[in-house]
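The structure appears right after this line, and notes come after that.
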């Protein structure tokens, strides 16, 4: 499941519009929690259900055609940052330390939630001699950054009840923003974020630093950012993540359904800077729990999954027995792995061109796009082998206007030319956006 981040943002009255980025809100590159945290619950461990067999590839590997994809690329050397609950390092999940926002002076190599380790294994788990479980990009390097944990929360004396930006659980939008900047500065070529915050349209949450961080990672540092679409079962601000209805056919002016949005899912809604990923079932149809929205990019397997911790596992402990591994967290991880494959195969592509290639070669639904699966399930082999047009180097992003500098008194040195920034929303760069580009393929 995608992990919920509790936070507060500038409210919106009525219909939601695509977010506008304020580059000036970029947070500092620092690690550590915003306030002292302490562990309140015992750690969780994934396990293999009785009778589970791992001698054949999991269905997700067959769905993604990994055996064939690995003939073209294994993601060798590509650094993938996993911003999650940390990673328990093993021979088959060999993550590097990236920092910790849960405990001070941590290195990110501790997972108390049985989440980040499984996500990392889906991205770049190494093969073993006794099973067929392997990550999408087994040649990639993993960089673990622990940003959140349900098992840790702030010490009661450290929380200001009058500050809505402070959250008791470990992990917030502000720490996520810092983690993204940190990952980008450490050289991550792909950044996976299997965390979400579900926000009602009327809620107030300050996301300025998060938007700036995502833009910085993609535009300034050339990192592919992949994020989970979220699960309807996740707890967000004020309750569960309520599903978004699709576009209304009678309103051709709102073909993506922005007017119908009831729940904003962040950071997924920062498309086209972020490649947002929904979950599919074995037949390729959308999983019932997968959150929809006008920002959806693609989809990937998200039910009945297998991970490594450190050997093959397929369940988590639940109140009434074993619970299958499922959720858009893993879907996002699979796509992050595909991004690593593409970056290794095509090192000259920019981050936006990598995302564009993944989108163009996905298995598009009959309508070309929908608000649950985006442009459809990813196709790793097609992303590595198809001859597709080269996408724009940078995405088109709406940014907050820059205020002109205050006038200053200068000596009389002849005519002075003033550069004035025109009021309005500016585009950072030329090029197309995903939600509107022509489909390359049709449903197979």
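Some points to look at:
- Cβ-Cβ FRET estimate between residue 254 and residue 130, R0 fixed at 41 Å, reported to 0.05: 0.20
- Quotient of Cα Rg and 2.2 N^0.38 Å for region 21-147, N being how many residues it contains: 1.21
- With neighbours defined as other Cβ atoms within 10 Å of a residue's Cβ, the residues 172, 209, 290, 329 order from fewest to most as 209, 172, 290, 329.
- In whole angstrom, region 337-404 maps to an equivalent ellipsoid with semi-axes of 25, 18, 10, each derived as √(5λ) from the alpha carbon gyration tensor and ordered largest first.
- Cα gyration tensor category, rounded, prolate or oblate, for region 37-384 with a/c compared to 1.5: rounded
- Distance between the pseudo-spin-label points of residue 44 and residue 387 (7 Å out from Cα toward the beta carbon): 4.8 nm.
- Given in Å, the Rg to one decimal and the Dmax to the nearest whole number for the Cα atoms of region 228-337 are 15.1, 52.
- Residue-span extension gain [residue 233 to residue 400] - 0.36 nm each, minus C-alpha spacing: 56.8 nm
- Simple spin-label estimate for residue 96 and residue 201 gives 4.5 nm between the two label positions (7 Å along the Cα-to-Cβ direction from each Cα).
- Gyration tensor (alpha-carbon) shape descriptor, region 29-81, a/c threshold 1.5: oblate
Each value in this text was obtained by applying a stated rule to the coordinates, not by laboratory testing. This one's a predicted model, so the numbers in the text were calculated from it and none came from an experiment. So basically every Cβ, Gly included, is an ideal-geometry build from the backbone, and we count neighbours across all protein chains shown.
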